[in-house]
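This report refers to the structure that appears directly beneath it.
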Amino acid sequence: MSTTAAPLVRSFAPLFRADARVLVLGSMPGAASLAAAQYYAHPRNAFWPIMGALFGAGPELPYAQRLERLAAAGVALWDVIGCCERAGSLDSAIAPASVEPNDLAGLFAACPAIGHVFFNGTAAETAFRRHVRGRIALPALQFARLPSTSPAHAACGPEAKLADWQAVKAAADQHAATQSALAA
């Protein structure tokens, strides 16, 4: 009996500016995202519609403009997992022994103003706890798990997802207000 390993998939580089205040972490880009070389590229993923409602970075804009709007709002994007073996797009298909995390310590060092980390779903939070937390020195951060924007997470409707994801905007705005007050 022969067993074939799942293909090795690699996440993208982080998307950030040094003044980022909020980090949104996914687990690993799905097949549609990898094929398009864009974060959250699946047409039914709720991420970009939510970012449109929160930051004016909706799917109607070209991808580069969406990224610019998020960066201007102080939001950085990345994934917990740098590479892994996975067949298809589901997080449940990731071969646990194959997971190599991204260099989050390096990202936190490059973005010292990050104060909030939001996990895009349970898989991202679980991967962070398993492969990152306790293995690197973390700055003082607030962590929150949000409902996954993936179309596979249909238990939570679009309105409920948007309501929960308002926390990202609130955190970005809070840090911006704090920085303005300190500068005054």
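Since every read-out is calculated from the coordinates, none of them should be taken as a lab result. Since the model is a prediction, treat every value here as computed from it, not as a measurement. Virtual Cβ from ideal backbone geometry, glycine too; neighbours counted across all protein chains shown.
When only C-alpha pairs under 8 Å and at least 6 residues apart count, what is the relative contact order of region 1-127, in percent?
Details: 221 pairs, mean separation 50.3, N = 127.
Once normalised by length, the contact order is 40 percent.
Relative contact order of region 74-171: 23 percent, from C-alpha pairs under 8 Å at least 6 residues apart in sequence. Think of the chain as a dipole: +1 on every Lys or Arg Cβ, -1 on every Asp or Glu Cβ, centred on the Cα centre; then among Ser11, Gly121, Leu138, Leu138 lies furthest on the positive end. Less than 5 angstrom separates the built amide H of His116 from those of Leu23, Gln142, all sequence-distant by 5 or more or on a different chain. Think of each Lys and Arg Cβ as +1 and each Asp and Glu Cβ as -1; about the Cα centre, that makes the dipole of the chain roughly 160 debye.
Based on every Cα atom in the chain, Rg and the maximum pairwise Cα distance Dmax equal 16.3, 70 Å. Compared with the dominant principal axis of the Cα atoms in the chain, helix 122-131 is inclined by about 80°.
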